[in-house]
1. Could you pull out the residue among Asn7, Asn35, Asn21 that is assigned to a loop (DSSP other than H, G, I, E, B), over 15 Å from Ala384 (Cα atoms) and either open to solvent by less than 20 Å² (accessible area, probe 1.4 Å) or not acidic (Asp, Glu) (or both)?
2. I'd like to know if the stretch 42-65 contains one or more residues that are within 26 Å of Glu151 (Cβ to Cβ), more than 13 Å from ligand 1 (Cβ to nearest atom), at pLDDT 95 or above and open to solvent by less than 10 Å² (accessible area, probe 1.4 Å).
3. Name the residues in the stretch 267-291 that are within 16 Å of ligand 1 (Cβ to nearest atom) and either surrounded by fewer than 21 Cβ atoms within 10 Å (Cβ to Cβ) or under 19 Å from Glu356 (Cα atoms) (or both), would you?
4. Can you tell me which residue among Gly146, Gly91 is within 12 Å of ligand 1 (Cβ to nearest atom), modelled with pLDDT of 95 or more and surrounded by 16 or more Cβ atoms within 10 Å (Cβ to Cβ)?
5. Any chance you could count how many residues in the stretch 292-310 are open to solvent by less than 10 Å² (accessible area, probe 1.4 Å) and assigned to a loop (DSSP other than H, G, I, E, B)?
6. Test each condition in (1) over 28 Å from the mean Cα position of the chain (by Cα); (2) at pLDDT below 95 for Tyr106 and report the one that comes out false.
7. For Ala264, are the conditions met, namely being open to solvent by less than 10 Å² (accessible area, probe 1.4 Å) and in a helix (DSSP H, G or I)?
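The values are calculated or read from the model by the stated rules, or taken from the named source; none is laboratory data. It should be emphasised that the depicted structure is a prediction, and the values quoted were computed from it without experimental measurement. Reconstructed Cβ throughout: ideal geometry from the backbone, glycine too, with neighbour counts over all protein chains shown. The protein model used for the area step is the full one, side chains on, heavy atoms only, and it has no ligands, DNA or RNA in it. Shrake-Rupley method; radii C 1.70, N 1.55, O 1.52, S 1.80 Å.
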Amino acid sequence: MAVLLTNISSIITCAVGNSTNKSGIEMQDIGEIRNGALLFDKEILWVGNSADATDYLMKNNPAPITQVIDCKGKTVLPGFVDSHTHIVFAGSRAGEFARRLQGVSYQQIAAEGGGILRTMNAVRTASQTDIEAIGRKLALSALKQGTTTIEVKSGYGLTFESELKLLRAIRTLQQELQLRVIPTFLGAHDFPPEFRTNRTKYIDIICNEMIPAVVEENLAVFCDVFTDTGYFTVPESEKILQTAIDAGLKVKVHADELSSFGAAEMAARMNAISADHLLFISEAGINLMRESGTIATLLPGTAYTLKLPFAPAQTMIEHGLAVALATDCNPGSCFMENMQMVLSLACTMGGMTVEEAISASTINGAAALGLSNQTGSLEIGKSADFIIADCADYAELVYHFGTNQVREVWIQGKKVV
Ligand code: NIG
Ligand code: FE
């Protein structure tokens with residue numbers, strides 16, 4: 001039972017062959033085929049020129065074709081992989097946002113007990129069901145806009161019980177939704193007020209209680225730490241990440257988001273799969289990340305919301321890094337779940353080309369989750385996760401911004417939108 005898309009005006013494969021990502025100048029090559037065709041069941045069976053499809057089908061006689069869809073005037077591309085979100089939380093921070101527009105800084109609001117701690121208070125009193133409802137709504141909205149894989153972090157509970165509550169909410173979404181949900185433990189998102197004066201004690205709870213429980217219940221694939229001024233220091237972060245690695249988790253870092261803090265350097269030393277944000281990354285950080293193969297995940301919606309300078313995407317690409325793009329969707333620094341908007345910001349404000357942004361939001365997002373052997377590109381044997389967009393020229397995905405151009409979303413060969 002296979003489906004054939006024919007006459008696709010533009011199909012973007014993002015093919016990487018035996019590689020796991022596109023780095024540096026490779027990001028410019030998105031593997032476009034004009035007038036293409038795609039044959040798939042749960043997996044991709046064949047991709048090529050429309051004109052060669054009949055020939056291929058006659059010679060290879062795959063599973064019977066149950067549906068042929070004419071995609072004239074459309075662009076087909078891999079589903080977006082949003083590799084960094086915080087969509088399970090409770091409450092709203094609209095009031096803080098309004099204050100920031102009046103000139104109060106993110107750090108100042110945090111110092112007054114707002115910021116992450118405001119959301120933490122809301123999460124601690126919310127039920128798991130209420131948290132799931134918020135996450136579900138955002139995940140479904142992301143799906144409609146082309147996201148087929150989404151990473152979701154805990155990090156707004158900051159106690160043993162409430163961090164597990166968030167991770168269990170993520171697991172509910174993972175079991176119930178059609179998009180692929182990848183869970184990350186972020187107990188080291190901030191110090192809760194009860195341990196502000198005893199940081200070591202909170203780190204001990206993370207290392208000796210939370211991480212073992214997360215692993216025992218199989219609630220996360222990754223462990224993340226917010227390494228920045230006012231949050232976790234480099235030595236504190238290293239201790240937590242090493243404990244996570246020893247327990248069998250892979251690691252990610254919120255690195256150099258608010259200041260140049262040596263966090264990208266640490267992420268590289270710890271062989272993190274990705275370092276994220278990087279607005280204030282140093283030259284040394286860039287070089288070390290290239291050597292360790294750590295993916296640079298940029299979150300332009302956050303720079304936009306916080307009115308901070310965008311991460312130096314071009315410098316990173318020139319230095320040969322593999323750059324990924326994600327939303328960072330969260331109630332504080334970036335309340336936005338739309339990957340098409342991320343492409344627009346990354347190109348128009350962040351200095352990336354359309355091709356680089358497409359590579360970054362598909363195959364490199366998958367690489368940032370260790371999933372690029374399964375999704376993120378349209379290659380034989382990979383999961384049939386793709387978008388049909390209402391444009392004949394892929395540049396329109398960025399050029400025509402502020403509207404949803406996604407007409408259909410398919411995951412594992414099933415039409416879900
Ligand atoms: O990725 N940097 C840390 N965490 C989030 C912000 C969290 C919040 O403000 O609620 C981020 O920007
Ligand atoms: Fe984040």
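1. On inspection, the qualifying residue turns out to be Asn21.
2. yes
3. Filtering the stretch 267-291 for residues within 16 Å of ligand 1 (Cβ to nearest atom) gives 267, 272, 274-281.
Across the stretch 267-291, the qualifying residues are Ser274, Ala275, Asp276, His277, Leu278, Leu279.
4. Sole residue among the options that is within 12 Å of ligand 1 (Cβ to nearest atom), modelled with pLDDT of 95 or more and surrounded by 16 or more Cβ atoms within 10 Å (Cβ to Cβ): Gly91.
5. 2
6. Single failed check for Tyr106: (1).
7. Considered against the rule, which asks whether it is open to solvent by less than 10 Å² (accessible area, probe 1.4 Å) and in a helix (DSSP H, G or I), Ala264 comes out as yes.
Yes/no matrix, rows are residues, columns are (1) closer than 26 Å to Lys137 by Cα; (2) within 16 Å of ligand 2 (Cβ to nearest atom); (3) touching a His at 6+ places or on another chain (Cβ under 9 Å); (4) not polar (S, T, N, Q):
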residue: Met316; (1), (2), (3), (4): no, no, no, yes
residue: Ala324; (1), (2), (3), (4): yes, yes, yes, yes
residue: Phe335; (1), (2), (3), (4): yes, yes, no, yes
residue: Gln374; (1), (2), (3), (4): yes, no, no, no
residue: Gly381; (1), (2), (3), (4): no, no, no, yes
